[in-house]
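Notes for the one structure printed next.
The values are calculated or read from the model by the stated rules, or taken from the named source; none is laboratory data. Quick caveat, the model's predicted, so the values are computed rather than measured. Positions of Cβ are generated from backbone atoms using ideal geometry, with glycine treated the same way; all protein chains shown enter the neighbour counts. Side chains included, ligands, DNA and RNA excluded: accessible areas come from the protein's heavy atoms. Shrake-Rupley method; radii C 1.70, N 1.55, O 1.52, S 1.80 Å.
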Amino acid sequence: MRETRGAIIVGGSSGIGEALARALADEGYEIGLAARRTERMRAIGAELPTKTAVATMDVTDTADAREGFFELAAAMPSVDVVVISAGTAAMNPDLEWEAERKTIDVNVRGFTVIATAAMEYFESTLDHSRAGDGHLVGISSVAAHFGVGGVQAYNASKAYVSTYLEGLRARQADRDADVTITTVEPGFVDTDLSMGGFWECSPETAAEQIARAIRKKRTHVYVPRRWRLVAWFLQAMPESVLRRLLS
């Protein structure tokens, strides 16, 4: 087995992405960080116990993001895991177009360009020295399971992320490459994007559980795990009751 393992984390300059970079580095992964804040990523990399590569990336510039992903992958000795943690959220009850557009650009278009680039990378660089041909991890949200006024674009974008990853897993049935695809659906996590609420956990707790899901090659995980109860409850609830509860 090859000793060197590498993980690219897109959106790794803060929040869950930063915490996961630290958790995976502690497990021996060399880390590739991609985000807009170059100096912040360099500061994080200097604190990690393993080697770090940094790529300045704005996922809304899809052509540049795609090129930057492959350049970052080429700069690393190995890429076994790709985590898409870049995301944005905004309260927008007045449906201002710029706020909705930004959410769609980051959470849908930006997510998709990295997801497709990661799958292309894994499928074109098959390496039998590693256990499997790669691992794609997408950070979605429990919010994917319901719509709420004011954050309708965010919830819809996370529904897209979860469904897209589900589609990629179905696609793998007809492919030679053995790529694990994990959907992560956090509840409230104490990051800049959090709008607060019950059962809020720290980014470090979220990262610990995501790292465990990577080790176990899970296809789906709620973070914290008890949020699966909320998701099941919301899915079973009649829409009329759900709307009154969430209004």
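All but one of (1) open to solvent by 40 Å² or more (accessible area, probe 1.4 Å); (2) under 24 Å from LEU168 (Cα atoms); (3) not in a helix (DSSP H, G or I) hold for ALA86; state the number of the condition that does not hold. All conditions are met except number (1).
Quick check, is THR163 closer than 26 Å to ASP105 by Cα, at pLDDT 95 or above and either open to solvent by 70 Å² or more (accessible area, probe 1.4 Å) or assigned to a helix (DSSP H, G or I) (or both)? Lay out the reasoning, then the answer.
Numbers: closer than 26 Å to ASP105 by Cα: yes; at pLDDT 95 or above: yes; either open to solvent by 70 Å² or more (accessible area, probe 1.4 Å) or assigned to a helix (DSSP H, G or I) (or both): yes.
The answer is yes for THR163.
Only one entry of VAL151, VAL179 meets the criterion of being in contact (Cβ under 8 Å) with a residue 60 or more places away in the chain and over 20 Å from ILE9 (Cα atoms), and that entry is VAL151. THR103 - would you say it is outside any helix (DSSP H, G or I), surrounded by 14 or more Cβ atoms within 10 Å (Cβ to Cβ) and in contact with a Ser or Thr (Cβ under 9 Å, 6 or more places away or on another chain)? Answer is no for this residue.
When region 1-42 is limited to residues that are open to solvent by 40 Å² or more (accessible area, probe 1.4 Å) and assigned to a helix (DSSP H, G or I), the one that is nearest to SER202 (Cα to Cα) turns out to be ARG22. Looking for something over 23 Å from LEU126 (Cβ atoms), open to solvent by 70 Å² or more (accessible area, probe 1.4 Å) and of a type in the set (Lys, Arg) - is there at least one such residue anywhere in region 58-70? Checked region 58-70: no residue is over 23 Å from LEU126 (Cβ atoms), open to solvent by 70 Å² or more (accessible area, probe 1.4 Å) and of a type in the set (Lys, Arg).
Screening THR62, THR103, THR52, THR56 for residues that are among the hydroxyl-bearing types (Ser, Thr, Tyr) and under 22 Å from PRO186 (Cβ atoms) leaves exactly one candidate, THR103. Cβ-Cβ contacts under 9 Å between residues 6 or more apart (or on different chains), taken from a first residue in region 203-218 that is more than 17 Å from ILE181 (Cβ to Cβ) to a second residue that is open to solvent by 60 Å² or more (accessible area, probe 1.4 Å) and part of a helix (DSSP H, G or I), are listed as GLU204/ARG22; ALA207/ARG22. Looking for something within 24 Å of ASP133 (Cβ to Cβ), in contact with a strand residue (DSSP E or B) (Cβ under 6 Å, 6 or more places away or on another chain) and either free of Cβ contacts under 8 Å to residues at least 40 places away in the same chain or of a type in the set (A, V, I, L, M, F, W, C) (or both) - is there at least one such residue anywhere in region 35-48? No, region 35-48 contains no residue that is within 24 Å of ASP133 (Cβ to Cβ), in contact with a strand residue (DSSP E or B) (Cβ under 6 Å, 6 or more places away or on another chain) and either free of Cβ contacts under 8 Å to residues at least 40 places away in the same chain or of a type in the set (A, V, I, L, M, F, W, C) (or both). Residues in region 132-160 that are assigned to a loop (DSSP other than H, G, I, E, B), in contact with a Pro (Cβ under 8 Å, 6 or more places away or on another chain) and surrounded by fewer than 22 Cβ atoms within 10 Å (Cβ to Cβ): GLY149, GLY150.
For region 120-131, which residues satisfy the criterion of being open to solvent by 10 Å² or more (accessible area, probe 1.4 Å) and either within 22 Å of VAL161 (Cβ to Cβ) or at pLDDT 95 or above (or both)? Working first, answer last.
So in region 120-131, the residues open to solvent by 10 Å² or more (accessible area, probe 1.4 Å) come out as 120-121, 123-131.
Residues satisfying the conditions are GLU120, TYR121, GLU123.
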